[in-house]
């Protein structure tokens, strides 16, 4: 029996095995490449379709943008009409982006709306600028927002007179949320005998009204008191101060106010001080009177401390919304005075005026000082008695 070597046969098996292994791997790599090509082609086609769809569904801007002045001292009516092809977009939502500002303002105020008319406030001493565009989105645009071109419009009240003829130092304070006091000074170019009138309007009034309670100086109106303005709180209050004089044109002043930002309360009431321990003082007060909402107030507490022979200096120790505060004395200091004032807090207004300080002052000393103050009258009383006794004795000897 002949034994044939098996080396060639074994080598043939290994070669077949390697070939069988390489074929699936090559096929798998090929499938992955084809899949990538397919996905890339699909994305390219979808992008082209979306781009084509957006181009096909372009929308026109609104029409006939107009600005009219109803005579409300700065509140202007803005109106426009829909684009001509709006009825063809049944499967889309049509909206408008409306922006407005006064010339010189850095930013536009923006409103998104489906309405075709708005009333917004402007400073009539400057040019009013508005612009509107159409926004289209829905199935007709494959849920991609399509924007039209902008349309623009401006409005300017013819301003008479020179700028220097306008009233100066116009200033208003809303006292105790009860009445508004506005004051001004005549313009630099205002002639003698000038007559000023203040007009105001806020949402809820049918027309602009004139002040009926003027403040005068030598027969010239330099201020106005407005009562019953609670309906104007948290609204724009439009004001115009206009002047007239013989043969002279005067520039009117326009202003838009927010009453809550001009509020000034009266000083807090019933300020009381009590000593709980030798190192603590309890300060308690009541909110001011008037119509100021108590929940809209914050308070500042100040005290003056005497440090030995040094002069007392005011220092703020608290700004809070409560009507009580505890003061801890350090370094055996003597508090010569405590005072409190209030203003509208930031939950009710963007800003406001501080009230005047409470007028009460208290001299609060250390316990040793109190004992000294008690002993001094006793010593003086004993000294007086001794002197009287000595005088009586001398009189008897005579």
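The values are calculated or read from the model by the stated rules, or taken from the named source; none is laboratory data. On a predicted model such as this, the values are computed, not experimentally measured, just so you know. Glycine gets a Cβ as well: all are built from the backbone with ideal geometry, and neighbour counts include every protein chain shown.
Residue under question is residue 78, and the condition is that it be within 34 Å of the chain's Cα centre (by Cα), within 30 Å of residue 249 (Cα to Cα), not assigned by TED's automatic domain parsing to the domain that holds residue 241 and not in a loop (DSSP other than H, G, I, E, B); does it hold?
In short, yes.
Within region 113-149, take every residue that is crowded, with 16+ Cβ neighbours inside 10 Å and in contact with a helix residue (DSSP H, G or I) (Cβ under 7 Å, 6 or more places away or on another chain) and give me the one that is modelled with the lowest pLDDT.
Filtering region 113-149 for residues that are crowded, with 16+ Cβ neighbours inside 10 Å and in contact with a helix residue (DSSP H, G or I) (Cβ under 7 Å, 6 or more places away or on another chain), the one modelled with the lowest pLDDT comes out as 141.
Would you kindly identify the strands (runs of 3 or more DSSP E) lying entirely within region 223-321 that contain at least 1 residues that are closer than 27 Å to residue 208 by Cβ and assigned by TED's automatic domain parsing to the domain that holds residue 168? Steps first, answer last, please.
Working: elements: 237-244, 253-257, 269-277, 280-286, 297-306, 313-320.
By residue number, 237-244, 253-257.
Taking residue 83, is it outside any strand (DSSP E or B), out of contact with any helix residue (DSSP H, G or I) (no Cβ under 6 Å at 6 or more places or on another chain) and either loosely packed, with under 10 Cβ neighbours inside 10 Å or at pLDDT 95 or above (or both)?
no
Considering each residue of region 256-291, count those that are surrounded by fewer than 19 Cβ atoms within 10 Å (Cβ to Cβ) and within 30 Å of residue 75 (Cα to Cα), and give that number.
Final tally of qualifying residues: 4.
Please state which of the following conditions residue 349 fails to meet, knowing it meets all the rest: (1) over 36 Å from the mean Cα position of the chain (by Cα); (2) at pLDDT 90 or above.
(1)
Looking for something in contact with a helix residue (DSSP H, G or I) (Cβ under 6 Å, 6 or more places away or on another chain) and farther than 23 Å from residue 76 by Cα - is there at least one such residue anywhere in region 159-169?
Step one: list which residues in region 159-169 are in contact with a helix residue (DSSP H, G or I) (Cβ under 6 Å, 6 or more places away or on another chain), which gives none.
Checked against the condition, which is being in contact with a helix residue (DSSP H, G or I) (Cβ under 6 Å, 6 or more places away or on another chain) and farther than 23 Å from residue 76 by Cα, region 159-169 yields no hits at all.
Which is within 30 Å of residue 288 (Cα to Cα) and surrounded by fewer than 19 Cβ atoms within 10 Å (Cβ to Cβ), of 178, 107? Break it down stepwise before answering.
Working: 107 fails: within 30 Å of residue 288 (Cα to Cα).
Going through 178, 107 in turn, the sole match is 178.
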